[in-house]
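Report on the structure given below.
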Amino acid sequence: AGELRFDDVVFAYTPERPILRGVSFTVPAGRTVAVVGPSGAGKSTLSRLIFRFYEPQSGRILIDGQDISEVQQESLRDAIGMVPQDTVLFNDTIEYNIRYGRPDALHAEVVEAARLARIDTFITSLPQGYDTQVGERGLKLSGGEKQRVAIARTILKAPRILVLDEATSALDSFTEREIQQALEKVSEGRTTLVIAHRLSTIVNADEILVFDRGTIAERGTHLQLLAKG
Ligand code: ADP
Ligand code: ADP
């Protein structure tokens with residue numbers, strides 16, 4: 001597992017509108033830190049900076065002490081895993097979709113990842129909407145099932161750092177709970193940054209950062225923040 005550190009990061013998409021105004025925090029190796037805050041607070045911007053889709057105007061982002069501005073974007077993609085809000089699947093088998101990123105993985109590893117994400121009963125199936133010729137191998141996946149494919153893919157990839165971006169936003173509450181449990185399994189013992197809108201969806205973060213207008217307004221454990229109201 002790796003350590004992720006933001007060191008006084010300042011960022012704006014356009015000069016007249018700062019988004020991050022000197023943000024510092026550390027996700028220690030193997031720990032989970034969650035970021036909450038209102039829409040527009042700059043939470044998703046954090047993940048875009050981690051992947052170097054944008055560069056900070058000042059400050060540094062470090063993975064295991066190394067400034068990511070010195071790391072190739074491709075190596076970052078290997079080191080970081082992301083379960084996005086919406087997963088677009090390739091029109092090939094679920095197994096192919098899980099293997100994406102690690103095509104050389106052993107079949108047993110794919111099965112194990114699928115089992116942890118609880119989609120092992122249909123890994124040879126195809127997501128629906130591709131090939132009408134495939135007959136009964138075609139399958140209509142729900143939003144929750146698609147997300148589980150993304151989770152299995154991430155389990156197989158075993159990244160040093162995991163970024164979960166409000167992964168359960170579009171799901172009904174039963175599915176949301178199921179996905180949450182699968183995600184907790186993925187993040188166990190793995191350095192994880194969770195981006196969420198509501199404090200209530202965060203269960204097992206070691207620290208929660210409350211973002212407000214580009215700064216960390218409050219930080220603490222779930223209990224500490226609840227006590228403050
Ligand atoms: P959050 O995830 O907390 O809702 P974001 O990080 O997505 O917030 O966005 C923070 C602010 O930056 C928002 O006001 C948003 O409109 C703005 N923003 C996001 N992406 C861009 C962009 N590519 N160009 C200009 N402004 C952007
Ligand atoms: P690959 O590394 O196999 O080429 P992708 O280019 O699809 O795969 O994505 C690399 C990593 O970047 C993945 O973990 C993916 O979830 C993440 N990623 C892709 N698009 C975005 C985005 N818009 N914001 C944040 N992360 C992203």
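The values are calculated or read from the model by the stated rules, or taken from the named source; none is laboratory data. Owing to the predicted nature of the structure, the values given are computational and were not obtained by experimental measurement. Here the Cβ positions follow ideal geometry from the backbone for every residue, glycine too, while neighbour counts run over all protein chains shown. For the accessible areas, the whole protein counts, side chains as well, though only heavy atoms, and no ligand, DNA or RNA atoms are used. Shrake-Rupley method; radii C 1.70, N 1.55, O 1.52, S 1.80 Å.
With the simple spin-label model, which puts each label point 7 Å out from Cα in the Cβ direction, the H107 to D8 separation comes to 5.6 nm. In the full protein context, the chain carries 51 Å² of accessible surface per residue, based on a 1.4 Å probe and ignoring ligands, DNA and RNA. For the range 148-156, putting each phi into the Karplus relation 6.51 cos²θ - 1.76 cosθ + 1.60 with θ = phi - 60° gives couplings of 5, 4, 5, 5, 4, 4, 5, 4, 5 Hz, in residue order, rounded to whole numbers and with x for Gly and Pro.
A Förster radius of 25 Å combined with the Cβ-Cβ distance from S39 to V88 puts the calculated FRET efficiency at roughly 0.65. Apply the Debye scattering formula to the range 1-117, with a single equal point scatterer on each alpha-carbon and no solvent, then give log10 I(q)/I(0) at q = 0.09 Å⁻¹. These q points yield log10 I(q)/I(0) values of -0.33. Just the protein heavy atoms count here, and of the accessible area of the chain at 1.4 Å, carbon and sulfur take up 47 percent. Using the Kirkwood formula on the Cα atoms of the chain, what hydrodynamic radius do you get, in angstrom to one decimal? Its Kirkwood hydrodynamic radius stands at 18.4 Å. Using Cα atoms only, what is the angle between the long axis of helix 107-116 and the major principal axis of the chain, expressed in degrees (0 to 90) to the nearest 10? Here the helix axis deviates by roughly 60 degrees.
If you take every DSSP beta bridge fully contained in the chain, what fraction is antiparallel? Give it as a percent rounded to 5.
On the way: 20 of 39 bridges.
Once the DSSP bridges in the chain are tallied, antiparallel ones form about 50 percent.
Among D78, D165, D104, the largest mean-square fluctuation in a Gaussian network model of the chain, built with springs joining Cα atoms closer than 10 Å, belongs to D104. Straight Cα distances below 29 angstrom link K43 to the lysines K146, K157, K185, K228, with same-chain residues fewer than 8 positions distant left out.
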